[in-house]
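S.K.: One structure follows; several queries about it will come next.
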Amino acid sequence: MKKHAEEWEESFSENHFPFPRRTSVHSPAATCIPLTISNVPKVTLGSCMQSGLNLWNLDRLFECLPNSLRPSNSGKQSEGGGRNHSGKQSSEAVTFALPTLIPPRVIPLLHDLAQQMVQAGHQQQLFRIYRETRATVLEQSLRKLGVERLSKDDVQRMQWEVLEAKIGNWIHYMRIAVKLLIAGEKKICDQIFDGVDSLKSQCFAEVTASSVAMLLSFGEAVAKSKRSPEKLFVLLDMYEIMRELQPEIEKLFESKACTEMREAAINLSKRLAQTAQETFVDFEEAVEKDATKTTVMDGTVHPLTSYVINYVKFLYDYQSTLKLLFHEFDPNDPDGQLAIITTRIMQALQTNLDGKSKQYKDPALTQLFLMNNIHYIVRSVRRSEAKDMLGDDWVQIHRRIVQQHANQYKRISWAKILQCLTVPASENNNAVTRTMIKDRFKTFNDQIEELHQRQSQWTVPDSELRESLRLAVAEVLLPAYRSFLKRFGPVIENGKNPYKYMVYSPEHLEQMLGEFFESKIWGEPKR
C-alpha cells in the first residue's frame, strides 16, 4: 500500500495534477481545494470531486434547462412552476441537458483512483470521502437555489400568497433536482464506480438521501397542512410534477439501496392525491353550506355562483392530471369520477342558491335571482369542457329550469296587473260603469308605475336573457292594454279629464319595459 500511496502522491500531487487548480471563468469546473486524509494522496479524490458545479456558477445549471423553464431576467420562476392554462405542461416534449458536475477529463482519473483504493482495501475510506464530498455539494447547490426544509407548522403559519409562491418555486426545484442535479450525480457515480458494483448503488443512495428528504419534506408539509379550497390547485400542481417525474425517479432510484427514497416519492404522490380528493369533498360541503349573508339586492348573479363556476373552469385546466389522480382510487372509471364530482359541485351550488333566494321578500325577485344564477351556470357550462362531462341532457334540463323561473317571474309580477285589463266579454259595455273603468285605469297606472320604479332597479346581466324576458312581458301586456284602450278608451275620453286616467300609450309602455332590469336608481317616482 505504501508503494501505491507514493505513486498516487507523485501522480496526483498539487504540482503534477493534470489540470489547473482554478479553471477559467468559461469552464464549468470550480476551484480544487486540497484535502488531506490519512493514507490518501493530497489533492486527489475529495478535491477532484468538489469540481464542477459550484455555488458561484449556478447560471451554468440554468443553461441546462429548456428555454421555457429558465428563470426570467428578474430571477423569478414562473408562477406555478411554469404551468400554462391550456392544461399542457410547459415541460412537455423538451430536452434537459445534464450539467457538468465534474470536468469530463477528470472522470477517468477518479475512476482509476477509485479502482486502486478498492484493490488496496480502502473501500470504506473511499466510500466516506465520496459520500461526504458529493452530498455536501448537492445540498449546497439546492440551498443556493432556494430549497429549504419546512415543517407542517411552518407551512400552516404562512400567508397564502407566500405559500403559493413557495410551492411554485418547489415545483421548479423538483424538476431541476431530479432532471439535472440528481441525474447528474447518478451519471458521475456510475462512471467513477464503474466495475465497483458493491459501492456504486450505496454511494449514490447516501449522496442523495439528505437532499431528497429535504425536497420531499416540503411536499409532505403542504399535503399534511390544513385543507382549504384555494389549496386544491397547488396540490394538483404538486401532484402533477410528482407524476411527471415518477418515471425518472423510479429509474434513478431503482436499486435496493434507494428503495426508501423511491417509496417516499411514490408515497408523496399518493398523499397529495388523497389530500386533493378530500379537498374536493370539503369544497362541495363548503359550497352547499355557505352561509354568507351577502344578498344581491338587484337579483343578479351571486358572487358565490361566479366563484364556483370559475373554480370548476380551473379544474378542467387540470383534466389530464385529474384523470391520473382519480385513477389512483378507481382505475376503471377516472372520467366518471370527474363527471360525478362536477355534478355534485353544481348540485351543491343550486341547493345553496335555493336557500339564498328565500332571503328576498318579493317572490318575483326570488324567481329572477334563480333565473339569473341558473342561466349563468348553464351558459358557463356550455362554453367549457364541463359540458362534455355533464352531458347534453344536463344542459337541456337546466335550460328548462331557467325557463320555469322566467315563467314564474311573469306570473307573479304581471298576473295582477293583467287582471286590471280583463273584463269578461259576456259583459256588454253598457253594463260596465264609467266609475269601474276609471278605477281600472287608476289601478293599472299605479301598479305599472310601482313595477317600473322597482324592477328597473333589478338586474338581468345577460343581454339576450334580458331582452327575451322583456319581450315575453310585452307580448302579453301590450296586446291586453291595446284591447282595453280600444274597448273602454272612448268611455273615458267622453268624460272629464280623460288623460288623468289614460296616462300611458302603448308606445310609452313599451319604452318603460325597455328600462326594466337595467339596475337604474331613481330619485322621485316619475310618470
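Where a number appears in this text, it was derived from the coordinates with a stated rule and is not lab data. Nothing here was measured: the structure is a model prediction, and the numbers come from that model. So basically every Cβ, Gly included, is an ideal-geometry build from the backbone, and we count neighbours across all protein chains shown.
S.K.: What number in nm² do you get for the range 135-246 if you take the convex hull of its Cα atoms and divide its surface by four?
M.R.: That works out to 7.2 nm², a quarter of the Cα hull's surface.
S.K.: Where does each of 339-347, 190-198, 162-170 land if you order them by average Cβ count within 10 Å, highest first?
M.R.: In decreasing order of mean packing, 339-347, 190-198, 162-170 become 162-170, 339-347, 190-198.
S.K.: Check cross-link reach from K256 to the aspartates and glutamates: straight Cα distance under 13 Å, and skip same-chain residues fewer than eight apart.
M.R.: D197, E206
S.K.: Just the Cα atoms of the range 290-409: what Rg and Dmax do they give in Å?
M.R.: According to the Cα coordinates of the range 290-409, Rg and Dmax are 15.6, 50 Å.
S.K.: Tell me, rounded to the nearest percent, the portion of alpha carbon pairs in the range 321-477 spaced more than 28 Å apart.
M.R.: 42
S.K.: Provide the packing ranking of 310-317, 331-338, 465-472, 268-275, i.e. peptides ordered by the mean count of other C-beta atoms within 10 Å per residue, highest first.
M.R.: 268-275, 310-317, 465-472, 331-338
S.K.: Give the peptides 173-180, 478-485, 131-138 in descending order of average Cβ contacts within 10 Å, highest first.
M.R.: The densest-packed peptide leads the list: 173-180, 131-138, 478-485.
S.K.: Please express the Cα-Cα pair-distance distribution P(r) of the range 421-513 as a list of whole percents, one per 5 Å bin, running from 0 to the bin with the greatest distance.
M.R.: Result, from short to long distances: 2, 12, 22, 23, 16, 11, 7, 4, 2, 0 percent.
S.K.: Measure up K179/K323; K410/K438; K179/K251 against 19 Å on the Cα-Cα distance and list the ones that go over.
M.R.: Table pairs above 19 Å Cα-Cα are K179/K323; K410/K438.
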